[in-house]
Amino acid sequence: MADAAYVWGTGRRKTAIAQVRLYAGNGEINVNGKPHAEVFPRLELRRMVESPLQVTDLADKFRVEVKVQGGGISAQAGAIRLGIARALVRESVALKPILRKEGFLTRDPRVKERKKPGLRRARKAPQYTKR
């Protein structure tokens, strides 16, 4: 671990923003003060959050503290994954190729498109009537 008490990374996905801190520890992950299993009841989302640590074989080396806000639980899980990956790269640049290959360092740019005037939603137009 570096000289500081923790390394940090910020992750974003849709409207969710996650501030991640990695401390030396035993592998527990806390999200907004609760265990991540409590915050993410779906196994798929828990695996998504844990995946950067699993791929780099560092799951039991760090204690992860996360503050996340905005978005839904799926977007929050994606933001946390990006934040953990970025923090791991700050910790050791040697991990960058591994995380890049798995796609964990790529920010997903997709966000909800805004509603346009004259339309019902972003793209749905009122029904056309010829007569």
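Just one of the numbered conditions (1) at pLDDT 95 or above; (2) more than 20 Å from R13 (Cβ to Cβ); (3) loosely packed, with under 11 Cβ neighbours inside 10 Å is not true of R131: (1).
Is one or more of the residues making up region 66-83 touching a Gly at 6+ places or on another chain (Cβ under 8 Å) and in a strand (DSSP E or B)? The answer is yes, given that some residue of region 66-83 is touching a Gly at 6+ places or on another chain (Cβ under 8 Å) and in a strand (DSSP E or B).
I'd like to check which strands (runs of 3 or more DSSP E) are fully inside region 1-55 and have at least 3 residues that are out of contact with any Phe, Trp or Tyr (no Cβ under 8 Å at 6 or more places or on another chain) and either aliphatic (A, V, I, L, M) or surrounded by fewer than 19 Cβ atoms within 10 Å (Cβ to Cβ) (or both).
On the way: elements: 6-13, 16-24, 29-31.
In region 1-55, the matching strands (runs of 3 or more DSSP E) lie at 6-13, 16-24.
Yes/no per residue for (1) among the basic types (K, R); (2) loosely packed, with under 11 Cβ neighbours inside 10 Å; (3) farther than 26 Å from A18 by Cα:
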residue	(1), (2), (3)
L88	no, no, no
V93	no, yes, no
K96	yes, no, no
R100	yes, no, no
F104	no, no, no
R107	yes, no, no
K116	yes, no, yes
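Restricting attention to region 99-114, does a residue exist that is touching a strand residue (DSSP E or B) at 6+ places or on another chain (Cβ under 7 Å) and among the acidic types (D, E)? Looking through region 99-114, at least one residue is touching a strand residue (DSSP E or B) at 6+ places or on another chain (Cβ under 7 Å) and among the acidic types (D, E).
Please specify each residue of region 4-49 satisfying the condition of being of a type in the set (D, E) and farther than 19 Å from D108 by Cβ.
Here is the first cut: in region 4-49, the ones of a type in the set (D, E) are 28, 38, 44.
Scanning region 4-49 gives E28, E38.
The values are calculated or read from the model by the stated rules, or taken from the named source; none is laboratory data. Remember, it's a predicted structure, so these values are computed and weren't measured experimentally. Every residue, glycine as well, gets a Cβ built from its backbone with ideal geometry; the counts of neighbours run over all protein chains shown.
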